[in-house]
Amino acid sequence: MGLIASVNDYLAATKQRIELTRTGARTTVSAGWFSTLDLAGYPGAGTLAGANTANGVVPDDSTPGCPPINGSTGTWQLTKVNFSSSVACRMIVFDLLFKAGAYAFNANTALSSQPSYSARIPGGDYKGTEIWVEQVTAATGNQAVNVTYTDQDGTPGATTGAVGIGAAPTIGRCWQLPFAPGDSGVQKIENVAGSVASAGTFNVLVMRPLWSARVRMANDGDVHDLLRTGAVQLFGSSALVCLIAPDSTAIGLPGILAEISNVP
């Protein structure tokens, strides 16, 4: 498959509409990132808790809560996003590459036989992938998580350090873990260690950001064409998820209608 290099390429491309709409309620912390995977809407609610702590899994477009993509093979590009929300917020759409959990608050788990997500890395370049923590059940204390990982170049043994958010995270709360100095991506999660908290469970995610935007006020929105989306690449098996950081203490009603295109 080719990539869009001209207006004619775009006009000739096979196009598909992808919807991510959430109608379920979630209590939030102002400016904090929250998962929407398990909330009602379209597609239907998925399950927040991960299903495997020993190895982790590679979600795809058949994962509950992720929108289906018609055609499991081939390279697609994000060419338009029509978005809105009932509350002022920031939103990010990711390709969820890897999910491990749900881990106990004090877990210290070495992973093995981890499935590879290399088929969802454009050009085999892991730079730009990110490690996130996703709170499954509410924690007591400042849940901190330290992840040991193999970096973008395949060097094992790097660590994020034990990082929390300075407060007891509620259900769905997400925060990004920093890479070791000089690193810019992750090929594999090696070990997960929790600390500080005395209750709660969490997932560790590897995600590739595809698009982000800000809803400036309640019931606002916009349309980003391919020049604003950057026509970023995704795949027929991509597990698309959305994180929301609302200005207020409610997740609101975020809605995304995305167009993805495939050059014949």
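Results for (1) part of a strand (DSSP E or B); (2) over 20 Å from Ile260 (Cβ atoms), shown as yes or no for each residue.
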position	(1), (2)
Lys80	yes, no
Val93	yes, no
Thr109	yes, yes
Thr148	yes, yes
Ala167	no, yes
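Hey, could you check segment 1-57 for residues that are among the hydroxyl-bearing types (Ser, Thr, Tyr), buried (at least 19 other Cβ atoms within 10 Å of the Cβ) and in a loop (DSSP other than H, G, I, E, B) and say which is modelled with the lowest pLDDT?
Restricting to residues being among the hydroxyl-bearing types (Ser, Thr, Tyr), buried (at least 19 other Cβ atoms within 10 Å of the Cβ) and in a loop (DSSP other than H, G, I, E, B), the top hit is Thr28.
Mind checking which pairs have a first residue in segment 18-42 that is under 14 Å from Phe94 (Cα atoms) and a second that is among the hydroxyl-bearing types (Ser, Thr, Tyr) and buried (at least 19 other Cβ atoms within 10 Å of the Cβ), Cβ under 7 Å, 6 or more apart or different chains?
Close Cβ pairs satisfying both conditions: Phe34/Thr28.
In segment 115-149, which residues are touching a strand residue (DSSP E or B) at 6+ places or on another chain (Cβ under 6 Å) and among the charged types (D, E, K, R)?
The answer is Arg120, Lys127, Glu130, Glu134.
Filter segment 95-149 down to the residues that are within 19 Å of the chain's Cα centre (by Cα) and of a type in the set (Phe, Trp, Tyr) and list them by number.
Phe98, Tyr103, Tyr117, Tyr126, Trp132, Tyr149
Could you tell me whether segment 115-132 includes any residue that is assigned to a strand (DSSP E or B), touching a residue at least 40 places away in the same chain (Cβ under 8 Å) and among the polar types (S, T, N, Q)?
As a first pass, look at segment 115-132 and keep what is assigned to a strand (DSSP E or B): 127, 130-132.
With the extra rule that they be touching a residue at least 40 places away in the same chain (Cβ under 8 Å), the set shrinks to 127, 130-132.
Subsequent filtering for residues that are among the polar types (S, T, N, Q) retains none.
Scanning segment 115-132 turns up no residue that is assigned to a strand (DSSP E or B), touching a residue at least 40 places away in the same chain (Cβ under 8 Å) and among the polar types (S, T, N, Q).
Filter segment 32-50 for residues that are touching a strand residue (DSSP E or B) at 6+ places or on another chain (Cβ under 6 Å) and among the aliphatic types (A, V, I, L, M); which is farthest from Ala193 (Cα to Cα)?
Leu39
Among the residues of segment 173-215, how many are farther than 21 Å from Ile121 by Cβ and either among the acidic types (Asp, Glu) or in a strand (DSSP E or B) (or both)?
Just the residues of segment 173-215 that are farther than 21 Å from Ile121 by Cβ, to begin with: 173-175, 181, 191-202, 213-215.
Applying the additional criterion that residues be either among the acidic types (Asp, Glu) or in a strand (DSSP E or B) (or both) yields 173-175, 191-195, 199-202, 213-215.
Counting residues in segment 173-215 that are farther than 21 Å from Ile121 by Cβ and either among the acidic types (Asp, Glu) or in a strand (DSSP E or B) (or both) gives 15.
What do you reckon, is Ile165 within 28 Å of Leu78 (Cβ to Cβ), touching a residue at least 12 places away in the same chain (Cβ under 8 Å) and in contact with a Gly (Cβ under 9 Å, 6 or more places away or on another chain)? It would help to see each step written out before you state the result.
Values: within 28 Å of Leu78 (Cβ to Cβ): no; touching a residue at least 12 places away in the same chain (Cβ under 8 Å): yes; in contact with a Gly (Cβ under 9 Å, 6 or more places away or on another chain): yes.
So Ile165 fails the test.
Is it true that some residue in segment 88-106 is of a type outside the set (Gly, Ala, Ser), more than 17 Å from Val136 (Cβ to Cβ) and either surrounded by fewer than 16 Cβ atoms within 10 Å (Cβ to Cβ) or at pLDDT below 95 (or both)?
The first filter runs over segment 88-106 and keeps only residues of a type outside the set (Gly, Ala, Ser), leaving 89-99, 103, 105-106.
Applying the additional criterion that residues be more than 17 Å from Val136 (Cβ to Cβ) yields 89-95, 97.
Add one more test, that the residue is either surrounded by fewer than 16 Cβ atoms within 10 Å (Cβ to Cβ) or at pLDDT below 95 (or both), and what stays is none.
No.
The values are calculated or read from the model by the stated rules, or taken from the named source; none is laboratory data. Here the structure is a predicted model, which is why all the values come from computation and not from measurement. When we count neighbours, we look across all protein chains shown, and the Cβ atoms used for this are built from the backbone with ideal geometry, even at glycine.
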